[in-house]
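The values are calculated or read from the model by the stated rules, or taken from the named source; none is laboratory data. All values derive from a computational prediction rather than experimental measurement. For neighbour counting, all protein chains shown are included, and Cβ atoms are generated from backbone atoms with ideal geometry for every residue, glycine included. Accessible surface is based on the protein model in full, side chains and every heavy atom, while ligands, DNA and RNA are left aside. Shrake-Rupley method; radii C 1.70, N 1.55, O 1.52, S 1.80 Å.
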Amino acid sequence: MSTEHGANGGAVPAHVAIIMDGNGRWARARGLPRHAGHSAGVRPVRQCVEQAARRGVKVLTLFAFSSENWRRPREEVSRLMTLFLEALDRELDELHANRVRLRFIGERERLAPALQQRLSAAEMRTRENTGLVLVVAAAYGGQWDMVQAARGLAQRVARGELSPEAIDQAVFEDQRALAGLPGVDLLIRTGGEQRISNFLLWDLAYAELYFTPRLWPAFTTGDFDAALAEFAARRRRFGRTDEQLQADALPQVTEASR
Ligand code: IPE
Ligand code: IPE
Ligand code: MG
């Protein structure tokens, strides 16, 4: 592809992750309670899932509830859980019809048993689907993920299934919550804060970061496309030099022009 399409060759990110932030501020600006902002945040979730599939994104990972969000008032936590359950019940048929494969990551044991059951059932029901992989991070923290990966490896070593020397990057990657899925190409955070807030850590190693002041309930498909356009214009070097990237691109051009 020519550089007219941007330094990244007009590429669509295979894996997009979103920190959906700003629900509380959206509600407060309207004189509404915080939970009204969370309810209003369901529509953009639906729209982003549809838009991601339309644009050829393979994996969409959404941060719904962090390890630290347990510190919020009990009432708010409870409303968020109810909303999650209701949205899942309401959307599952359509997601399945659209061949979306669902996956949930996080400390599931901390969720209500009824919710845990629904998550497993939704994963089972959609596991053969070949469309967009939709990952929802709930009760998730990047540090928890690293620790559970380390624990899993230690258990395999203790059982004699794995030798410590055999632990390399690939073996560790297979122990992540997102095992089998590629690293994040593009991270979007709405709501204006410029931090990771203990979201994916390992998986964001080479992600392009995109921060927008737009509050999550007001996020549109146009905003999603704007993030994709910005991604397409970024130059991803992965540690190499521009000259190396250009040299790598040359043989392809020659090949194509034969
Ligand atoms: C994000 O919006 C939703 C969750 C963290 C569950 P917030 O609730 O954090 O909204 P602000 O940041 O207070 O505006
Ligand atoms: C991050 O947002 C978590 C989710 C969007 C689920 P927070 O609103 O919890 O992040 P902080 O507390 O401002 O860092
Ligand atoms: Mg917030």
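General remarks:
For (1) more than 18 Å from Ile196 (Cβ to Cβ); (2) open to solvent by 60 Å² or more (accessible area, probe 1.4 Å); (3) not in a helix (DSSP H, G or I), each residue gets a yes or a no:
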residue	(1), (2), (3)
Asn69	no, no, no
Glu76	yes, no, no
Thr82	yes, yes, no
Ala87	yes, no, no
Arg118	yes, yes, no
Val136	no, no, yes
Val147	no, yes, no
Gly152	yes, no, no
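- Qualifying residue in region 108-120 (condition: under 16 Å from the mean Cα position of the chain (by Cα) and closer than 27 Å to Ala36 by Cα): no
- Of all residues making up region 180-207, the number that are over 13 Å from the mean Cα position of the chain (by Cα) and either more than 16 Å from ligand 3 (Cβ to nearest atom) or under 16 Å from Val57 (Cα atoms) (or both): 3
- Figure legend. Inter-residue proximity from region 42-56: first residues more than 14 Å from Val133 (Cα to Cα), second residues part of a helix (DSSP H, G or I), beta-carbon distance below 6 Å, spacing 6+ or different chains. Indicated pairs: Val42/Ala87; Gln47/Thr221.
- Lone unmet requirement of (1) crowded, with 18+ Cβ neighbours inside 10 Å; (2) away from ligand 3 (no atom under 16 Å from the Cβ); (3) small (Gly, Ala, Ser) for Gly22: (2)
- Of the residues Ala138, Ala122, the single one that is touching a residue at least 60 places away in the same chain (Cβ under 8 Å), within 19 Å of Leu181 (Cα to Cα) and of a type outside the set (D, E, K, R) is Ala138.
- Some residue of region 188-203 being more than 24 Å from Glu68 (Cβ to Cβ), crowded, with 17+ Cβ neighbours inside 10 Å and in contact with a Lys or Arg (Cβ under 7 Å, 6 or more places away or on another chain): no
- Here Gly56 fulfils each of the conditions (1) more than 11 Å from ligand 1 (Cβ to nearest atom); (2) of a type outside the set (A, V, I, L, M, F, W, C); (3) in contact with a helix residue (DSSP H, G or I) (Cβ under 9 Å, 6 or more places away or on another chain) apart from (3).
- Cβ-Cβ contacts under 6 Å between residues 6 or more apart (or on different chains), taken from a first residue in region 220-243 that is modelled with pLDDT under 95 to a second residue that is surrounded by fewer than 16 Cβ atoms within 10 Å (Cβ to Cβ) and among the aliphatic types (A, V, I, L, M), are listed as Arg235/Ala7.
- Listed conditions (1) part of a helix (DSSP H, G or I); (2) within 12 Å of ligand 2 (Cβ to nearest atom); (3) open to solvent by less than 20 Å² (accessible area, probe 1.4 Å) are all met by Val45, apart from (3).
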